[in-house]
């Protein structure tokens with residue numbers, strides 16, 4: 001659905017570009033703001049179960065699953081995507097449990113300060129992100145156990161999420177029909193992410209090819 005919306009918006013831009021320039025290359029900027037990601041997260045949590053990841057190699061048990069669940073909201077924090085000072089900040093609300101040796105099952109909850117670093121994966125022609133846990137805030141623990149939870153959460157993110165695929169160049173390429181002449185292929189060749197306050201701009205280079 002996201003790619004279809006991108007394609008529709010880009011089609012309008014290029015139809016205008018074709019009529020006004022003879023160049024066979026152009027750049028289009030796709031802008032994603034914070035309300036877009038808020039709506040995306042709302043839709044995900046309304047239509048699917050909250051993401052849940054194992055945090056131990058034991059696989060847990062019936063009495064203690066040893067998992068961590070990313071919540072839409074908890075501990076006074078909403079899971080969100082925020083663009084500030086050239087960085088992507090992602091507060092993550094969570095709950096979970098684990099079973100330390102000789103202790104038994106321990107429940108925990110809190111939120112994580114997380115950053116996402118963007119990079120263009122040239123080999124696979126895609127924009128990816130890598131999430132990194134910076135700090136953990138546990139409810140009512142005074143910080144006790146936060147280091148262990150941070151390591152377990154980062155390990156789960158690395159195994160299950162990183163790298164996070166955001167956009168693929170082949171999904172941004174499309175055809176524009178030219179009346180009585182055939183189709184013009186608009187092929188995405190490169191992209192560059194730029195982060196502004198409240199906004200992610202992805203600059204995409206296109207070339208025009210006769211199909």
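The values are calculated or read from the model by the stated rules, or taken from the named source; none is laboratory data. Predicted, not measured: the structure shown is a model, and the values here were computed from it. All Cβ positions, glycine included, derive from the backbone under ideal geometry; neighbour counts span all protein chains shown.
Where residues in the stretch 75-92 are assigned to a strand (DSSP E or B) and closer than 22 Å to residue 47 by Cα, which of them is farthest from the chain's Cα centre (by Cα)? This residue is 77. Name, by its number, the condition in (1) out of contact with any strand residue (DSSP E or B) (no Cβ under 7 Å at 6 or more places or on another chain); (2) more than 30 Å from residue 207 (Cα to Cα); (3) in a loop (DSSP other than H, G, I, E, B) that does not hold for residue 147. Condition (3) is where residue 147 drops out.
Close contacts from the stretch 164-192, counting a first residue that is closer than 15 Å to residue 30 by Cβ and a second that is assigned to a helix (DSSP H, G or I), with Cβ to Cβ under 6 Å and a gap of 6+ residues or different chains, come to 171/3; 174/7; 186/14; 188/169; 188/172. Name every residue in the stretch 51-74 that is assigned to a loop (DSSP other than H, G, I, E, B) and either over 22 Å from the mean Cα position of the chain (by Cα) or modelled with pLDDT of 95 or more (or both), in order of residue number. Scanning the stretch 51-74 gives 56, 57, 58, 59, 60, 61, 62, 63, 64, 65, 66, 72.
Here's the yes/no breakdown for (1) assigned by TED's automatic domain parsing to the domain that holds residue 203; (2) in a strand (DSSP E or B); (3) under 26 Å from residue 84 (Cα atoms):
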residue: 103; (1), (2), (3): no, no, no
residue: 107; (1), (2), (3): no, yes, no
residue: 115; (1), (2), (3): no, yes, yes
residue: 135; (1), (2), (3): no, yes, yes
residue: 151; (1), (2), (3): no, no, yes
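Residues in the stretch 12-43 that are surrounded by 10 or more Cβ atoms within 10 Å (Cβ to Cβ), in a helix (DSSP H, G or I) and either at pLDDT 50 or above or in the same structural domain as residue 177 (by TED's automatic domain parsing) (or both): 34, 36, 37, 38, 39, 40, 41, 42, 43.
Only one of the numbered conditions (1) within 14 Å of the chain's Cα centre (by Cα); (2) outside any loop (DSSP other than H, G, I, E, B); (3) touching a residue at least 24 places away in the same chain (Cβ under 8 Å) is not met by residue 95, and that is (1). Those residues that are more than 13 Å from residue 135 (Cα to Cα) and crowded, with 19+ Cβ neighbours inside 10 Å, I need them from the stretch 82-93; list them, please. Scanning the stretch 82-93 gives 83, 88.
Of note, residue 182 does not satisfy the criterion of being farther than 28 Å from residue 32 by Cα, modelled with pLDDT under 90 and assigned by TED's automatic domain parsing to the domain that holds residue 58. Looking only at the stretch 123-146, which residues are loosely packed, with under 11 Cβ neighbours inside 10 Å and at pLDDT below 90? If the condition is that a residue be loosely packed, with under 11 Cβ neighbours inside 10 Å and at pLDDT below 90, then 140, 142, 143, 144 are the ones that fit.
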